[in-house]
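Report on the structure given below.
The values are calculated or read from the model by the stated rules, or taken from the named source; none is laboratory data. Note that the structure is a prediction, hence the values are computed from the model and not measured. Don't worry about glycine lacking a Cβ; one is built from the backbone with ideal geometry, like all the others, and counts go over all protein chains shown. SASA here: full protein model, heavy atoms, side chains in, ligands and nucleic acids out. Shrake-Rupley method; radii C 1.70, N 1.55, O 1.52, S 1.80 Å.
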Amino acid sequence: MSCLLLGAPQNVLSSANTESKTLQARVLSGSFVLLTGSGLVTGINFAYNIAVARFLGPTGFGHATAFYTLLILISAVTLSFQIVSAKVVAQQSSLEGKSTAYRGFHRSAWKCGITIAFLLLLLQKTIASYLNLPSPILVVLLAVGVAFYVPLGSRRGFIQGAYGFDRLATNLVLEGLVRLGGSLLFIGLGFGVRGVIAANAAGVAVAYLAAAPKLAPAVPNELHVPDAFREALQAIVFFAGQVLINNCDIVVVKHFFPPTSAGLYAAVALVGRVVFAFSSAVINTMFPVMAGTRSEQRKDHSVLVTSLLLVLGIGSVVGLGLRLAPAGIWTTLFGSQFAIAGRYGLPYLLALYAATTVLYCLSVVIIAYEMSYKIANTSWLQLAFSGVLIAGICRYHSSLQEVIWIQFVLMLALLIVLAVPFLWRTLISPEDVRIQLSARRIRIIRRVSEDEVVAEFLKSDFENVAFEDYKESLRELVMNPRLEDAGENAKRRALLFIRHLPLWRELPRGTEWFEVEIRPADLGQIRVFPRAMWRKLARGNFALTEVAERIRAYRGHDIAVTAFLAKIAALRDWLGRDAKAPGAVLLIGLNESEPLTVLDGNHRLVAATLTSAAAMQKLRFLCGLSPKMTECCWYETNLATLCRYGANRLTNLIHDPQAELDRLLQSS
């Protein structure tokens, strides 16, 4: 990269490096503050769990942990409010804007919290029966805590989005202290499990009151949140998957195993919460920092690398320490009832659980990093894995060891599925090429209507056999379009959709179309459409210039490839002679600076590239641009976009373009 950037202006590189170091410093300093707070919270929670385990025994400890796990499951909603609040607040430049963002989320959080609390009250007997709890009153106490817990998320989101990491850490510590002190007090007064759960609810309420922010006066119409619904949906899906992965095992084990074994497993699962708490300190710092950055500040991904290394380092130290610690430490802390005989004792299970949590935390860093600056479909993938995890534990739970191994294998698979496409898209792709592309923009000639694009697309494709029945009757309609005629436009659209409905419907709504100029220097910005024979020739690299070079250098004897290249050669001859109207090439992309993909016209464009600059000048280029183009599988092919394509194909089954065209022709 360095050799390709020698020609870049020194002040630009210096500024980029300075901004990168500033972001890294902010992440490191914020992470240090939250790690310190998390360390205190972890110590408090550890003391809380030891006290509850020693005083209540495995059975009572299992009941208390089941309650806390339910609270964490509900935290999917709480954390959704927190992360969306943090993102939107961080994106506001003024205190008035930040305050306005918070007020809206806070009101919605209260409505949501009260609704969930009411549902818990209605289902208290069912929940208590499934989890083998001694009394439904425990679920009533949970409902009280939830009423405060959801709006607590919006308050912490404001603090996080305003980079108040010290205050956020203090609030987390306060909640833990109230939980610990209240539990010891109520246990001493003889309230047992009920007292512990009441102390948990009290900790949430006190933390909510203490997190009240200082707001600026309300400013009408100050805030506009783009894609607010999609932001909220992304957050809910993300945290639903997260809380299920982190806590479903405890709930399922509580259901399938005897109370004593469930209590032992709850003690083992504590290590996962410790590792995740420390990792969350890094993630909670990284997220608002990245949400408030510009796209050019993210180009070297230094913040992501720093966050991944911090999480890996923290998890490795914790896991190694747990594996080397003698088993006697745990029986001394928790009590003799928590002893596990044999090779797979507590040190083994604790270390294995820690390694599992580290794998998952690395995945969370990648997902949160993408979520901080765009709508990330990877949260849906995480949710899908949470369902597979629940099914896996329900199927394989012959021992506590087997339950943890199932989670380890699935979390490793999740990390691989997330990391490989992400590395391919962002880290392995040379950033110097991206910087060069961002500095060069294709020239826009004029805006064009979608009707004109449809007409040009149909004109270049009309000789296909799919249109055989209409070549005589509709040739004039296609070859000499009158774009001012709405009836003609509707017929051309229906005719095009006979062959290309699935392709066209994948383009994001609101895509804007332009006629653009493509110069020889712009060809490196264009990728061929990844389909059919192009995949075989591209070998994973769909850059137009690379594919053209492979065609030029091909010396093989594959019959299919030879026939394909003969078609390209025929087009070259045609363009080289006197092709006056070779048809428009359709491109799609995010904007004028990012890579473009050929939607239609692969053959003509490659043939012109291989022929001459004069042949290139004969082509006309129409380009569709949308900031949501990464959702289109033709532009970016991954698991999420392919799933979206499959869903759209099912939806398109009810649309019959041929019947629509016949209706239009009859009506005219």
### Task
Hey, could you check the stretch 306-326 for residues that are hydrophobic (A, V, I, L, M, F, W, C) and open to solvent by less than 40 Å² (accessible area, probe 1.4 Å) and say which is nearest to the chain's Cα centre (by Cα)?
311
### In the stretch 611-642, the residues that are over 23 Å from residue 459 (Cβ atoms) and out of contact with any Leu (no Cβ under 9 Å at 6 or more places or on another chain)
613, 631, 636, 637, 638, 641, 642
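Consider the stretch 69-96. How many of its residues are in contact with a helix residue (DSSP H, G or I) (Cβ under 8 Å, 6 or more places away or on another chain) and either under 15 Å from residue 286 (Cα atoms) or not β-branched (Val, Ile, Thr) (or both)? Please lay out each step first, then the result.
Our first condition is that a residue be in contact with a helix residue (DSSP H, G or I) (Cβ under 8 Å, 6 or more places away or on another chain); within the stretch 69-96, this holds for 69-92.
Remaining after also requiring either under 15 Å from residue 286 (Cα atoms) or not β-branched (Val, Ile, Thr) (or both): 70-71, 73, 75-76, 79-92.
Here the count works out to 19.
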### Query
Assuming residue 507 fulfils every condition listed in (1) within 29 Å of the chain's Cα centre (by Cα); (2) open to solvent by 50 Å² or more (accessible area, probe 1.4 Å); (3) on the phi < 0 side of the Ramachandran plot apart from one, which condition is it?
(2)
#### Entry: Members of the stretch 648-667 found to be polar (S, T, N, Q), within 30 Å of residue 382 (Cα to Cα) and exposed (fewer than 13 other Cβ atoms within 10 Å of the Cβ), listed by number
651
### Task
Answer yes or no: is there a residue in the stretch 626-647 that is surrounded by 19 or more Cβ atoms within 10 Å (Cβ to Cβ), of a type in the set (A, V, I, L, M) and assigned to a strand (DSSP E or B).
no
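Within the stretch 489-516, can you find the residues that are acidic (Asp, Glu) and at pLDDT below 90? I'd like the intermediate steps shown before the answer.
Taking the stretch 489-516 as the starting set, the residues that turn out to be acidic (Asp, Glu) are 506, 512, 515.
Residue satisfying the conditions is 506 alone.
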### Message
Among the residues that make up the stretch 617-624, is at least one of them in a loop (DSSP other than H, G, I, E, B) and of a type in the set (S, T, N, Q)?
### Response
no
### Spans of helices (runs of 4 or more DSSP H) in the stretch 482-580 with at least 1 residues polar (S, T, N, Q)
486-505, 544-553, 559-577
### Query
Restricting to the stretch 410-422, what's the tally of residues that are in contact with a helix residue (DSSP H, G or I) (Cβ under 8 Å, 6 or more places away or on another chain) and more than 14 Å from residue 384 (Cβ to Cβ)?
5
#### Entry: Candidate set from the stretch 441-481 (those that are closer than 17 Å to residue 662 by Cα and assigned to a loop (DSSP other than H, G, I, E, B)); member that is most open to solvent (accessible area, probe 1.4 Å)
472
### Task
Return the only residue of 152, 119, 79, 71 being closer than 18 Å to residue 236 by Cβ, without any contact (Cβ under 8 Å) to a residue 12 or more places away in the chain and of a type outside the set (D, E, K, R).
119
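When you go through 418, 350 one by one, which is the residue that is modelled with pLDDT under 85, farther than 26 Å from residue 632 by Cβ and surrounded by 15 or more Cβ atoms within 10 Å (Cβ to Cβ)?
Values: 418 fails: farther than 26 Å from residue 632 by Cβ.
The conditions single out 350.
Any idea which residue in the stretch 356-412 is modelled with the lowest pLDDT, counting only those that are aromatic (Phe, Trp, Tyr) and part of a loop (DSSP other than H, G, I, E, B)?
Filtering the stretch 356-412 down to residues aromatic (Phe, Trp, Tyr) leaves 360, 369, 373, 380, 385, 396, 405, 408.
Next, from what is left, pick out any that are part of a loop (DSSP other than H, G, I, E, B): 373, 396.
Details: 373: 67, 396: 86.
Restricting to residues being aromatic (Phe, Trp, Tyr) and part of a loop (DSSP other than H, G, I, E, B), the top hit is 373.
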